[in-house]
Amino acid sequence: MEPKLLVGSKRVTLLFGKICSGKSTYAKAAVKATGGVHITVSDIVKKVSGKVTRSELQKTAHMDELIAKELVNEIAKYDYVFVDGIRQKSIVHRICKHFGVDNVMMIWLNVPDEMRRLRFEGRAVKKDDISFEEADYRDNKLGLEELQKSLEKSYIKFNNY
């Protein structure tokens, strides 16, 4: 059973962007400024799938219903939440339906490809077991491009974060 929402008590900010666009950096700064909580979708995916590397995590699109349910349950624990890393519009729709569209803000971080590549190559994260090009391609294959197009009128856009 999913937790019930007390109307008006929840603020959810969904952060979107391509790989290495600064979603987590933005969320960490926002949490510091607001006292909110940062939830990373990849942590939820790791929890429900048992997968760890980027190549494994990007093969979990078939689990979007389970991921959405776990994410909703995690968001429900807090009043002010910043979520980054959603790739499927079905997950966004589930969050908006559960918490109410008026309680959800969406922000898209738009960063030039070369800047994202430099960030990816410079961060040396263990989970990054594939190239930047492959990671970017797989994110789009998961549904990121489709998500961007479907939500384009609903989000605030920040360039070069």
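Positive contributions from Lys and Arg (+1) and negative ones from Asp and Glu (-1), summed over other residues with Cβ under 13 Å from the Cβ of VAL31, come out at +2.
Whenever you get a sec, line up TYR80, TYR155, TYR26 from highest to lowest accessible area (probe 1.4 Å, protein heavy atoms). Display every interim value, and only then the final one.
Details: TYR80 80, TYR155 25, TYR26 50 Å².
My answer, sorted largest first, is TYR80, TYR26, TYR155.
Which entries of LYS23/LYS97; LYS32/LYS141; LYS51/LYS153; LYS28/LYS153; LYS69/LYS149 have Cα-Cα distances beyond 31 Å here? Violating the 31 Å Cα-Cα cut-off are LYS32/LYS141; LYS51/LYS153. With a 1.4 Å probe rolled over the protein heavy atoms of all chains, the accessible area of MET105, MET63 falls in the order MET105, MET63, largest first. Summing charges over all other residues whose Cβ lies under 9 Å from the Cβ of SER90, with Lys and Arg as +1 and Asp and Glu as -1, gives 0. Put simply, the amide H of VAL37, placed in the peptide plane, has neighbours under 5 Å in TYR80, VAL81, PHE82, leaving out anything fewer than 5 places away on its chain. When you filter the trypsin sites (Lys or Arg not before Pro) in the stretch 66-161 for DSSP loop state and at most 13 other Cβ atoms inside 10 Å of their Cβ, you are left with LYS77, LYS126, LYS153.
The value obtained for the stretch 76-121, namely the Cα convex hull volume divided by the number of residues, is 105 Å³ per residue.
Largest mean-square fluctuation among LEU109, LEU71, LEU118, in a Gaussian network model of the chain whose springs join Cα atoms under 10 Å apart, belongs to LEU118.
Two numbers describe the Cα atoms of the chain: Rg and Dmax, which are 15.0, 44 Å.
The values are calculated or read from the model by the stated rules, or taken from the named source; none is laboratory data. This structure is a prediction, so every number in the text was calculated from the model and none was measured. Please note: Cβ atoms are built from the backbone with ideal geometry, for glycine as well, and neighbour counts cover all protein chains shown. Ligands, DNA and RNA are excluded from the accessible area calculation, which covers all protein heavy atoms including side chains. Shrake-Rupley method; radii C 1.70, N 1.55, O 1.52, S 1.80 Å.
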